[in-house]
Amino acid sequence: MASADVWLPVPPAEIGGLPDSLHYVRWDGEEEFPADPARCVFYAVPYLKGSEVAVRPLAHMPDVRVVQTLTAGIDHVASAVPGLPRGAVLCNARGVHDAGTAELALTLALASLRGVPGFVRAQDEGRWTPGFRPALADRTALIVGYGAIGAAVEERLVPFEVEAVHRVARTAREARRGPVHALAELPRLLPGADVVFLTVPLTEATRDLVDADFLARMKDGALLVNVARGAVVDTGALLAELESGRLRAALDVTDPEPLPAEHPLWRAPGVLITPHVGGPTSAFLPRAKRLLRSQLRLFAAGEPLEHVVAVAGEAG
């Protein structure tokens, strides 16, 4: 194990407490590799450098045993899993982005409901624009994708005195705050929701989950908040609802992304767009370092890692 390399996008000395039995090199997506990739056994993927950078070294890592993302979603590296050595594991960063993404989800919902974008534009023009605005209090929220981030969204919703929170995940189960409904229950739950939060991972099952039928089932005036992935939503179907004025949306992610300057979604009525900033906050780095330290201690001790989402060579 002493001769094995660990590739980290963070300077190892800044993480602290790493096992001495491993050799660490830093690589954050630069053109030149810092060492021979063939020696790498644990690869922590550079953060926010895109899919091309993320997967580039993997073709040269015949002995890699762990690919660790620093994102909750793994869609940017999932295509490389079939090419990994049999038994290699892909782990996500469950827990790292819960706080930052949930904060933004609530920010988007509150800003959209209370009309903050309009107030900012009015401020730029020196206009005083009082008026009656909807509150989050007494509203019904629906969280589609009740994993760690979805649960974190609910924890932040509760103090705002929402009327009810309904939870949806791939399969039904019981959670600490109440029942989680299966995706099949969406047609029943959507018409009663004032705010729909999307926190699902992007998979083949969730791609275009929010299609014309999904949107048609949402009540008039409802707000869609997407902090998941842009491709979860059919952009054309959403544009049609926004342009009709029937629905509103607050989006941290879009399809396509980045959103081209000429795209009509920028100018659609009732939409608030942020440029995929749910994860990169001051909360990210301390949590990422804790995750890497914990995972590497398990790896060095020969113990099973946490947050394994795929194993190379296994069906599913």
Taking Thr254, is it over 21 Å from Ala141 (Cα atoms), buried (at least 21 other Cβ atoms within 10 Å of the Cβ) and β-branched (Val, Ile, Thr)? yes
Just checking, which of Ala105, Ala122, Ala111 is among the small types (Gly, Ala, Ser) and in contact with a Phe, Trp or Tyr (Cβ under 6 Å, 6 or more places away or on another chain)? Ala105
What are the pairs with Cβ atoms under 8 angstrom where one residue, in the range 121-140, is at positive phi and in contact (Cβ under 8 Å) with a residue 24 or more places away in the chain and the other, located anywhere, is aliphatic (A, V, I, L, M) and assigned to a loop (DSSP other than H, G, I, E, B)? Sequence gap at least six, or different chains. Asp138/Val162
If you scan the range 64-80, which residues turn out to be out of contact with any Gly (no Cβ under 8 Å at 6 or more places or on another chain) and free of Cβ contacts under 8 Å to residues at least 40 places away in the same chain? Val64, Val67, Thr69, Val77, Ser79, Ala80
For the condition on the phi > 0 side of the Ramachandran plot and in contact with a helix residue (DSSP H, G or I) (Cβ under 8 Å, 6 or more places away or on another chain), what is the one hit in Gly29, Gly50? Gly29
Only listed residue being assigned to a loop (DSSP other than H, G, I, E, B), in contact with a Ser or Thr (Cβ under 6 Å, 6 or more places away or on another chain) and at pLDDT 95 or above, chosen from Ala228, Ala250: Ala228
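Here's the yes/no breakdown for (1) touching a residue at least 12 places away in the same chain (Cβ under 8 Å); (2) among the charged types (D, E, K, R):
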{"residue": "Asp255", "(1), (2)": "yes, yes"}
{"residue": "Pro260", "(1), (2)": "no, no"}
{"residue": "His263", "(1), (2)": "no, no"}
{"residue": "Pro280", "(1), (2)": "yes, no"}
{"residue": "Leu298", "(1), (2)": "no, no"}
{"residue": "Ala312", "(1), (2)": "yes, no"}
Take Thr140 and tell me if it is polar (S, T, N, Q) and either within 17 Å of Val165 (Cα to Cα) or outside the structural domain of Val180 (by TED's automatic domain parsing) (or both). yes
Members of the range 81-105 that are buried (at least 21 other Cβ atoms within 10 Å of the Cβ) and among the aliphatic types (A, V, I, L, M): Leu84, Ala88, Val89, Leu90, Ala93, Val96, Ala102, Leu104, Ala105
Tell me, please, whether a residue that is in contact with a Phe, Trp or Tyr (Cβ under 9 Å, 6 or more places away or on another chain) and acidic (Asp, Glu) can be found in the range 219-241. yes
Does Ala268 satisfy the criteria of being of a type outside the set (S, T, N, Q), under 17 Å from Leu209 (Cα atoms), surrounded by fewer than 21 Cβ atoms within 10 Å (Cβ to Cβ) and without any contact (Cβ under 8 Å) to a residue 40 or more places away in the chain? no
Name the one entry in Arg217, Arg207, Arg248 that is touching a strand residue (DSSP E or B) at 6+ places or on another chain (Cβ under 6 Å), basic (Lys, Arg) and more than 17 Å from Ala152 (Cβ to Cβ). Arg248
Lone qualifier among Val168, Val200, Val153 - being under 28 Å from His307 (Cβ atoms) and part of a loop (DSSP other than H, G, I, E, B): Val200
Might you check whether a residue that is over 16 Å from Ser294 (Cβ atoms), crowded, with 21+ Cβ neighbours inside 10 Å and among the small types (Gly, Ala, Ser) occurs anywhere in the range 33-56? yes
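The values are calculated or read from the model by the stated rules, or taken from the named source; none is laboratory data. Every value quoted in this text rests on a predicted model; they were computed, and no experiment measured them. Every residue, glycine among them, receives a Cβ derived from its backbone with ideal geometry; neighbour counts consider all protein chains shown.
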